[in-house]
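Nothing in this text is a laboratory measurement; each read-out follows from the coordinates by a stated rule. Everything numeric in this text was worked out from a predicted model, so none of it was measured. FYI the Cβ positions are ideal-geometry reconstructions off the backbone, even for glycines, and counts take in every protein chain you see.
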Amino acid sequence: MEITPGVGCPMPSDPADRVQLGHGGGGGLSQRLIEELLVPAFGPADGVLHDAATLAAGPGELAFTTDSYVVRPLVFPGGDIGRLAVIGTVNDLAMVGACPLALSLALILEEGLAMAMLRQIVAAIRTVAAECGVPVVTGDTKVVERGKGDGIFITTSAVGRLGPGPAIGPPAVQLGDAILVSGDLGRHGVAILAARQELGFSTDLQSDLASLLPAVQALLTEGLAVHALRDLTRGGLASALTEIARGGGLELRIKEAAVPIAPAVANACALLGLDPLAMANEGRLVLFLPTAQAEQARAVLQTFQPEAAIIGTVAAAGSALGGIVLLENAYGVLRRLTLGQGEQLPRIC
């Protein structure tokens, strides 16, 4: 009997035609989704992708950002999903030099979520919003059926006021700029993984979850010529550097030994076959500014995190290689930083 494909016998589904967890992981699949689908549909007229958009609003321009948060477990060492949602949104505004004015909050709750847990999360949101100086002014709540949503998902949006001075963003990055990170990397990702107790290892590490606004404001108050900032969330340092390099056709050179990684993070990543440069963070940023100001900037950042470090330079602009990030080992050997295609650690931010 001859069987005609599509008639009573569905053809096998191609995984490439389906959304995968890796599309939300900050790696190669995430960047393809953004570049091939979302940017053509909604991308900014100037082609610049950043943590927050700037809006012309008369005297004192505004910045606007939105984000969604999914994490398991809902409470983890160093924070919870409520604190994560507020701080993550404030950090996005900080990356363009904006101070938050107001925040919206949407909660998608799963049937069966314990009311005690919900009260704890709401209390955390209220507390951290006050700490960050941003009122929650509007919101929405929905409930989905049991088994449809990991307890709670949170979506936030926020507006902020931009300070005086040149725009902060990837287009301002210049040849010769120094590249700094504000602290050691990977704590959030490892803390979440250990909290799940799925892989049988434990650690005393806590998430690095923290507002970056005070550090950014300190840099600007010092009069430093901050060219670009990016908070290192999904995909970690690897994703942020790759996006900035590709967006500007830049060649970035990073000294591997200079990148601060706590021994516990390095050991966990080695054990599990994970890349610490691609691990998520929730209280770390990467900074580009003139090399002449690098030491001063590091000193400012070290008042918040002693591990802050200068890790590299912008080695070429308009490179024939296109946007590229090169890692230099202790022997001076260069290798290209590549992004994984899948998801290292789902539901972490």
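For the peptides 283-295, 184-196, what is the packing order when you average, over each peptide's residues, the other Cβ atoms within 10 Å and list the highest mean first?
So the peptides 283-295, 184-196, ranked by packing, come out 184-196, 283-295.
Kindly identify the stretch 170-336 as rounded, prolate or oblate by the Cα gyration tensor criterion: order the square roots of the eigenvalues as a ≥ b ≥ c, call it rounded if a/c is under 1.5, otherwise compare a/b with b/c, prolate if a/b is larger, else oblate.
oblate
Give the distance, in whole Å, between the Cα centre of the stretch 143-166 and the Cα centre of the stretch 234-260.
Going from one Cα centre to the other spans 26 Å.
What is the dipole size for the stretch 50-162, taken about its Cα centre, with +1 at each Lys and Arg Cβ and -1 at each Asp and Glu Cβ, in debye to the nearest 20?
That gives the stretch 50-162 a dipole magnitude of about 220 debye.
Say each of Arg72 and Ser157 gets a label point 7 Å from the Cα, pointing the same way as Cα to Cβ; how far apart are those two points in nm?
For Arg72 paired with Ser157, the spin-label model returns 2.9 nm.
Once you place label points 7 Å from the Cα toward the Cβ at Leu118 and Val137, how far apart are they in nm?
2.6 nm
For the residue pair Gln197 and Ala167, what label-to-label distance in nm results when each label sits 7 Å from Cα along the Cα-to-beta-carbon direction?
5.0 nm
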